[in-house]
Amino acid sequence: MTNKIAYTNNKLTHTCYAREIRSQAIEHGIISPDWEWLLTSVIYEHNQIKRLERLLSRIEDLMNEIWSNHYDNLEFLLQKLGIPKWMGDYIMLDNVMAPVPLRWDIIYENNMWKVIEINTGFCLGGLNGFSMNNVRNNFYRVSGSNLDVPDLDNSFYFLAKGIIDTVGKNSIIPVIETTEGYHKYDFYLHNFVSNMNKTKAGLYISGTINDFNFKEDCTYFKGHAVTHFIPMFNLYELNETQENHCHFLKKIRSGEIVSLLGFRELIFSNKAFIPYLIDYAKDSLAANEAKEIVALFPSSEVLNPSNVVLFHDGDFVLKPAEGYGGNGIVCSWMCQQEEWLKALDDALSDDNLWVIQERIIGELSYMQSVDRNGKVKEGLSSVVHGLITFNGNLIGNLTRAAIGVQQPGVINAHQGAAFGLSGINLHFAAEYLYD
């Protein structure tokens, strides 16, 4: 089954092992136990995906350029993006230029890729996929797929290489969540730590903010002296009035403990950053290159009183500048007119920044999935491709599909869409960090 020239799908003739492969996806820390598992694999056309990788790498360069150019006048950029001023104190600390993992949510429409969101951080489900290579191969072999599904690259070697370049090979690195986040995502965290430790590049230990013990001369995490950590949360999840959070933030400000993800990720993942990035590309690049970059994004604007009337009619997505998982998003085509107009008015009166983006309708593809009850679903679906890059290279992926939904809103696993892995493999030579 083909879709233009961008990707190919595999249709399964036997789905009796669907429940089993879903349980494996949960065991390997790829999906939450509640989520629907996408059985269909998407195989990308090599030249298409290499061109896209090149463009995403160029955009990443622009993102870092914006960061560098605004470092000495950060308040201006924070105001443009609606980021609280107090967070600037932490973003200014971000002198650890380890690459930030990026997940690009992309829809394929009319022979073109469209980047609808940029997310930062360690997208755990999309990174763990390589550990299921044998399981996936066996599943597709017995399920009657006529598609050769390539193995997924081991993304953890690329992550580990970027980290040890900053902290050294023998470091002990906490991978932490808030207490609330740990209870919710501990199965992701444990799989991430397990896979990082298999690289033999340092020792990674999972835990929470409460596992730190700050002494006068040293910082300890579960009894180990540490200098850096990997956060699986962002500053929006911390509260300066909460005692343990306040103490932790104070130690970050003093430089006693350093985030390997950094805090500039708050800028890159902000939904208002895309319209800012588009304007920056237009102003700073040669016309042909700017045109190529701008074409990758749907029309996006920060909502304000002077432009709101432009969005009274038509298909648009209204989203808070800061948010994740589809939270707070309103889709005009899923509302009555009066509901949509009220949503726009509410956004204008809100203290936070809101972004409005044109609707992108992806090519319909035949998809199959299995839910938590073992029920197999099939039908046409628009697909959101999540491509994960690190330091300009594609290292991981995921695919989301809302099967059988004629007019889907946000195609997101948190909103009930099926979640699975794509068959991307650019044949990187996995670099072992030790001989």
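Structure data summary
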| read-out | value |
| --- | --- |
| Selection status of N137, modelled with pLDDT of 85 or more and outside any strand (DSSP E or B) | yes |
| Selection within segment 126-135 - of a type in the set (G, A, S) and crowded, with 23+ Cβ neighbours inside 10 Å | G126, G129 |
| Residue in segment 136-151 that is within 19 Å of V294 (Cα to Cα) and surrounded by fewer than 21 Cβ atoms within 10 Å (Cβ to Cβ) present | no |
| Members of segment 157-170 that are under 20 Å from the mean Cα position of the chain (by Cα) and either buried (at least 19 other Cβ atoms within 10 Å of the Cβ) or of a type in the set (S, T, Y) (or both) | Y157, F158, L159, A160, I163 |
| Members of segment 230-245 found to be modelled with pLDDT under 90 and not in a loop (DSSP other than H, G, I, E, B), listed by number | L235, Y236, E237, E243, N244, H245 |
| Residue selected from segment 171-185 under the condition under 18 Å from the mean Cα position of the chain (by Cα) and either among the β-branched types (V, I, T) or part of a helix (DSSP H, G or I) (or both), by the criterion nearest to D211 (Cα to Cα) | I176 |
| Filter result for L249 (assigned to a helix (DSSP H, G or I), of a type in the set (A, V, I, L, M, F, W, C) and surrounded by 16 or more Cβ atoms within 10 Å (Cβ to Cβ)) | yes |
| Some residue of segment 284-292 being within 30 Å of L235 (Cα to Cα), within 24 Å of the chain's Cα centre (by Cα) and not basic (K, R) | no |
| The listed residue being within 22 Å of I361 (Cα to Cα) and at pLDDT 95 or above, out of L318, L285 | L318 |
| Some residue of segment 101-109 being of a type in the set (D, E) and within 26 Å of Y366 (Cα to Cα) | yes |
| Sole exception among (1) among the polar types (S, T, N, Q); (2) in a helix (DSSP H, G or I); (3) in contact (Cβ under 8 Å) with a residue 40 or more places away in the chain for S145, by number | (2) |
| Residue list for segment 250-287, restricted to those being in contact (Cβ under 8 Å) with a residue 12 or more places away in the chain and among the small types (G, A, S) | G255, S259, G262, S269, A272, A281, S284 |
| Conditions (1) within 30 Å of N239 (Cα to Cα); (2) surrounded by fewer than 16 Cβ atoms within 10 Å (Cβ to Cβ); number of the one not met by M112 | (1) |
| Residue count, segment 201-229 (criterion: touching a helix residue (DSSP H, G or I) at 6+ places or on another chain (Cβ under 8 Å), under 24 Å from C123 (Cβ atoms) and in a strand (DSSP E or B)) | 8 |
| Spans of strands (runs of 3 or more DSSP E) in segment 323-416 with at least 2 residues of a type in the set (D, E, K, R) and either in the same structural domain as M63 (by TED's automatic domain parsing) or free of Cβ contacts under 8 Å to residues at least 60 places away in the same chain (or both) | 376-390 |
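Conditions (1) over 30 Å from N234 (Cα atoms); (2) touching a helix residue (DSSP H, G or I) at 6+ places or on another chain (Cβ under 9 Å); (3) of a type in the set (A, V, I, L, M), marked per residue:
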| position | (1), (2), (3) |
| --- | --- |
| L303 | no, yes, yes |
| D313 | yes, yes, no |
| F316 | no, yes, no |
| V330 | no, yes, yes |
| D350 | no, no, no |
| W354 | no, yes, no |
| S365 | yes, no, no |
| V370 | yes, yes, yes |
| V376 | yes, yes, yes |
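The values are calculated or read from the model by the stated rules, or taken from the named source; none is laboratory data. All values derive from a computational prediction rather than experimental measurement. All Cβ positions, even for glycine, are placed from backbone atoms using ideal geometry, and neighbour counts span all protein chains on display.
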